[in-house]
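All remarks here apply to the structure that follows.
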Ligand SMILES: [Zn+2]
């Protein structure tokens, strides 16, 4: 007989469990260190500050706690707290490598490259994780370049094969007078990881790099600065005292960080590449060579990384005014026969709504991927059915699974833009619309070699700014005539196939989702059913091209 079948005993066990949870007998140091790191890694800076502050208050003389709190403080730009914590760590353990490295970064930011260099040189190389070699090398090179020894800086960096190193080389080179632009191009290519520009730029220590005087001065955006100041204020003891009344003592372990913890902190303090600078510099270099197309490509990439960088916004504005020919003309604002089942209001919005009602073509479209396993299954199903469709991908997912995008392109599937973070584009801040659309386009082009033709705004939510921005980026808005979601949500492949087949009309665009098992399962029946009714399955680009040809044939 199981113990918990005794009702009285289970009540007692419940009481015991809840009182244990409520008492919170101690606050584990190692847990707090791991949590501080994890929260920064997930860019949950304010939660991370609270966690690091518990370490700082509860165990002010513990080396691991000092270093963790210092790293978190540095990450959010609270340099005076960071400086105090690393100094404490150096008193606890003179020559601790992470404390020296952290202090050197702060000295660099303060414009003291010689002091920083001295600290970096004093780090014992046998006492650090292997990956930290490069971190120290990059930091040393910045110091050298800042002191004026560009050749010394380049010398050590040339041997590395790392994006941060490559970008730094590009920047140093671009700062040397009479610089040739050829190496800059080559180095920029090196600065890609697997051919993808690293478009994710977390707020944080990367701000140190330009401040060190290598690149053009980069001011954090107002939002970044506000967030950073707000977080720095949270390290203020009065704030902490009021928000953490029950700060329990840390009891389980003390001393240096474990190798795993130390690895994480090194990673946290890594000087991250800041590709927008390299893209911007390259664009200007190409412009000087009268390579207009090259200039436009790279200034657009810089804009995708950060439209507020220097004069990037002003530079891309002319590209918005129609001076760049449409990469692919599509029939905007197609007026649709009511038989397609669209409400009149939606059909009047600019964008591509449906193909020609005179040709038996249908575009299957799959939103929200890539998600590695379901995307692979969907691609397999489409390949077995010899069917072509269109994937509207979410940029932030695409950078995580570039191979999925390459596979789509290799299979002849179209890859189009579905925004970077999948927000309601009609409700976000106006300045976020461009990066949402453009970043994803950059990722698609970098992985598939093809600039997208269409953006499908998440949920179909759009406004004139979204559509104008899409147009400026060489894209049109793409919508649908058949929404299969209600059928997809039943979980039944048959329901999905029947739902779409019953609603199929010439020129239809079918909205489905990448990740739904019912959809993957429906592919064989759906493709067969549509073909039996005389439909040809095409990509949305083909549907648009044929609709355009149809319209021209009539006029
Ligand atoms: Zn979506």
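The values are calculated or read from the model by the stated rules, or taken from the named source; none is laboratory data. Please read these numbers as outputs of a predicted model, since none were measured by experiment. Reconstructed Cβ throughout: ideal geometry from the backbone, glycine too, with neighbour counts over all protein chains shown.
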Which fully enclosed helices (runs of 4 or more DSSP H) of segment 450-555 have 3 or more residues being under 31 Å from the mean Cα position of the chain (by Cα)?
-> 464-472, 485-488, 517-532, 540-554
Restricting attention to segment 526-535, does a residue exist that is on the phi > 0 side of the Ramachandran plot and either away from the ligand (no atom under 16 Å from the Cβ) or modelled with pLDDT of 95 or more (or both)?
-> yes
Filtering segment 381-404 down to residues that are more than 13 Å from the ligand (Cβ to nearest atom), farther than 22 Å from residue 361 by Cα and surrounded by fewer than 18 Cβ atoms within 10 Å (Cβ to Cβ), which residue is modelled with the lowest pLDDT?
-> 400
Give 444, 450 a once-over and let me know the one that is within 16 Å of the ligand (Cβ to nearest atom), touching a helix residue (DSSP H, G or I) at 6+ places or on another chain (Cβ under 9 Å), assigned by TED's automatic domain parsing to the domain that holds residue 393 and touching a residue at least 40 places away in the same chain (Cβ under 8 Å).
-> 444
Do the conditions hold for residue 272, that is, is it at pLDDT 80 or above and either surrounded by fewer than 23 Cβ atoms within 10 Å (Cβ to Cβ) or more than 27 Å from residue 102 (Cβ to Cβ) (or both)?
-> no
Which residue pairs have Cβ atoms closer than 8 Å, lie 6 or more positions apart in sequence or on different chains, and pair a first residue in segment 504-525 that is in the same structural domain as residue 545 (by TED's automatic domain parsing) and more than 30 Å from residue 551 (Cβ to Cβ) with a second residue that is more than 16 Å from the ligand (Cβ to nearest atom) and not in a helix (DSSP H, G or I)?
-> 517/491; 518/490; 518/491; 518/492; 523/385; 523/387; 524/385
Does residue 469 meet the test of being more than 14 Å from residue 394 (Cβ to Cβ), at pLDDT 85 or above and surrounded by fewer than 24 Cβ atoms within 10 Å (Cβ to Cβ)?
-> no
Where residues in segment 441-461 are modelled with pLDDT of 90 or more and surrounded by fewer than 24 Cβ atoms within 10 Å (Cβ to Cβ), which of them is nearest to residue 418 (Cα to Cα)?
-> 458
Return yes when residue 83 is assigned by TED's automatic domain parsing to the domain that holds residue 262, under 16 Å from residue 264 (Cα atoms) and in contact with a helix residue (DSSP H, G or I) (Cβ under 6 Å, 6 or more places away or on another chain) and no when it is not.
-> no
